[in-house]
Every structure is written in structure tokens, then in C-alpha cells.
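To start, the structure under review is shown below, and the notes come after it.
The values are calculated or read from the model by the stated rules, or taken from the named source; none is laboratory data. All of these numbers come straight from a predicted model, not from anything done at the bench. Glycine also receives a Cβ, built like all others from the backbone with ideal geometry; neighbour counts cover every protein chain displayed.
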Amino acid sequence: PTKIGVLTSGGDSPGMNAAIRAVVRTGLHYGLEVFGIHRGYAGMVEDDIEPMNSRSVANIIQRGGTILKTARCKEFMTPEGRKIAYDNLRKHGIDGLVIIGGDGSFRGAQIFSNEYDIPCIGIPGTIDKDMAGTDFTIGFDTAVNTAVRAIDKIRDTADAHDRLFIVEVMGRDAGYIALHSGIATGAEHILIPETKTNVEEIIAGLTEKEKRRKLVNLIVVAEGDDTGGGDEVGKMVKERLPNADVRVCILGHIQRGGSPTCLDRLIASRMGYHAVECLMEGKHNVMVGIVNNRMHYLPLDNAVKAKERFNKEWLRIVKILAS
Ligand code: ADP
């Protein structure tokens, strides 16, 4: 390619800026012209496309969010919308794309490049970490560290009042944030979508701990757990343990924002660099991933959400360490 476009699409995640910076600067290094496409595929459809230079990405590596902004775009789901998007790319002479986003964005990219001969390279940006073909996704490390810091604070106040706290973290389909942050904060129970939650077992555990006068209890719940999330778990526990002082805290969108951690900046820089390398080598329609510390190129067709990749041993560790 001679001119490439970069965009962020779907849900945002901290570290996307570091990836944009890497794509722009690696592209410029190879003498490519690099265009920033604003608001994901919406910018392609609406011709919200601007040339970028090295200074366009100055001072952003440490910033959360995405300077290109992100959006969901209905028009791109239709052949007519994608035709308009293609015509706009043609107008600018763009002949390669780097898409930073999640599995939905990659599906869109795959369909688009089957229709039009534009190579698309995906970079996994999602706080949920549940992508096939990579050990890391941009934003997970920051999100989970944000959750840990918040839960540590909740634990302080739970301890002061002998309260049972139920904390809901993000993860509609995946329990990674809940599992990692729960283990790191010493939660008694961690409820994740990948496993069936046994409420009776949790109530029995809490009752037994009450007898032993273990007063501070922390339950971390992924929003997509089959119980229905933090509020539902709170209701169930209050019903069954009327004497317990139960509070529910839903962490929400703080998990998506904030300055990316060192790890997220590193993987974003590495993936951004390799995405451009892929285009230079003539690769078509792959997602760049990192597996066992090596670059891994997964056909976009297979870049879907991955379930249950976490190590079941962790759940056993949770049980033993929370006793
Ligand atoms: P994420 O990339 O975070 O999974 P979405 O699933 O919302 O987010 O997808 C982001 C955008 O990708 C959608 O708004 C749409 O423009 C495009 N997209 C998703 N699925 C398709 C599809 N099947 N066909 C065309 N475009 C799609």
C-alpha cells in the first residue's frame, strides 16, 4: 500500500491511543501516507477522514480514550453503506486499513474486504480480553488495575463497618476482569459468566464464615454472570441473610477510562507496529495477536470472542485462599 487509514471502532479501551500512535509513526517510517478515520466506520461512510503526521500523535501515548473517537455504525452493516465507505477511501487513495476494535469491528472489516479489495489488519482493543488468537487485548490490564484499586478502597470501608460488599465489574460475556481483580483483592467469591453460579453454595459459605466471625466478605460479580449481576446477588443475599450488612457497588465506566498501564502501552505499541508490517508484507485480513510472547496472525474470519480460556485452576485457588 501507499496510503493507509487507521480507525478505532466499537467499544473503547485504554491504550487505543498508543496503538494509533504506533500505526501512524510506523507508517510514516515506511514512507506511507497515513489517514485518521474518525468515529470508526461512521467516518468512512461520512468521509470524516484526515491526513495525519508525526505531530498528530504527539503526547497521546499516556492518554485514555481515543483521539480518533469511536462509534457504532449501522450504515456499515449494509452493502450500500459499505459502498459509500469504499468510494470515500478511493477518493483519498487509501489502499490499506488498520482497525483497532473488537470482534464486531473485525467482522465488519472481513465483510468489507471480501467485497472490496482493501487489505484490513485488526488490532484487538477490548477491556474484556475475550478474543481468540491473542493472550493480550489492549485495555484489559488498565481496566483490571482500575478495578483492583477501586475494590481495595471498598475493602477498607467494608472492614471499618464489618460489611459484606458485592462489587460488580464489567464483563458481559467474559469473566476475566472479575476473576483477575477478585483474586488480586482477596474476594471470597467470584461470579463469572463462564461458570454456573451456585447461590446456595455462596450463602452456605457466608453463613459458615459468620459463625467463625469472619466478618468482612467481598464478592466480585461480572455484570454478565447468570445471577443477573451485582444488584441481583445483593437482593438474594439480603433475603437469605437478613442480619448481614450488605452493600452493592457497581464500578461501571471508570473501568474503561484512565491512563493506560505500562503493559497496555507496550502491547499497543507492539501490535501497532506489527499491523503496519503486515500491510507492508502484503498480508490480508488478519488480526495481530501475541501468543506466548510471539506475534500471532489470526485470519479475521476466526477473530471471534473466545470463551473459557482461563485456567480453571484459578477457581480452586480462589476457594482455598478465601477460607
Ligand atoms: P466491537 O468491535 O467492540 O465488538 P461492535 O460489535 O459494536 O463493537 O461493532 C462495531 C462496528 O463494526 C459496528 O457498529 C458496525 O459498524 C461494524 N460491524 C459489526 N458487525 C458487522 C457486520 N456483521 N457487518 C458489517 N459491519 C459490522
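Numbers below:
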{"item": "Gly171 being within 11 Å of the ligand (Cβ to nearest atom) and in contact with a Pro (Cβ under 8 Å, 6 or more places away or on another chain)", "result": "no"}
{"item": "Failed item in (1) in contact (Cβ under 8 Å) with a residue 60 or more places away in the chain; (2) assigned to a helix (DSSP H, G or I); (3) over 24 Å from Val220 (Cβ atoms), with Leu266 passing the rest", "result": "(1)"}
{"item": "Selected residue (only one of Asp117, Asp135, Asp152, Asp141 is in contact (Cβ under 8 Å) with a residue 24 or more places away in the chain, among the charged types (D, E, K, R) and part of a loop (DSSP other than H, G, I, E, B))", "result": "Asp135"}
{"item": "Leading residue by the ranking (surrounded by the most Cβ atoms within 10 Å (Cβ to Cβ)) among those in segment 60-114 that are more than 10 Å from the ligand (Cβ to nearest atom), under 21 Å from the mean Cα position of the chain (by Cα) and over 17 Å from Gly36 (Cβ atoms)", "result": "Gly64"}
{"item": "Which listed residue is out of contact with any His (no Cβ under 8 Å at 6 or more places or on another chain), farther than 15 Å from Leu7 by Cβ, of a type in the set (Asp, Glu) and within 12 Å of the ligand (Cβ to nearest atom), from Asp135, Asp130, Asp141, Asp117", "result": "Asp130"}
{"item": "Segment 10-46 - residue that is assigned to a loop (DSSP other than H, G, I, E, B) and touching a Cys at 6+ places or on another chain (Cβ under 8 Å) and, of those, nearest to Phe76 (Cα to Cα)", "result": "Gly40"}
{"item": "Residue satisfying all of: in segment 28-48; out of contact with any Gly (no Cβ under 9 Å at 6 or more places or on another chain) and more than 16 Å from the ligand (Cβ to nearest atom); nearest to Glu277 (Cα to Cα) among these", "result": "Tyr30"}
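Yes/no matrix, rows are residues, columns are (1) of a type in the set (Val, Ile, Thr); (2) buried (at least 19 other Cβ atoms within 10 Å of the Cβ); (3) modelled with pLDDT under 90; (4) out of contact with any strand residue (DSSP E or B) (no Cβ under 8 Å at 6 or more places or on another chain):
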residue	(1), (2), (3), (4)
Thr146	yes, yes, no, yes
Lys153	no, no, no, yes
Asp159	no, no, yes, yes
Ile190	yes, yes, no, no
Leu218	no, yes, no, no
Glu223	no, yes, no, no
Gly228	no, no, no, yes
Gly234	no, yes, no, no
Lys238	no, no, no, no
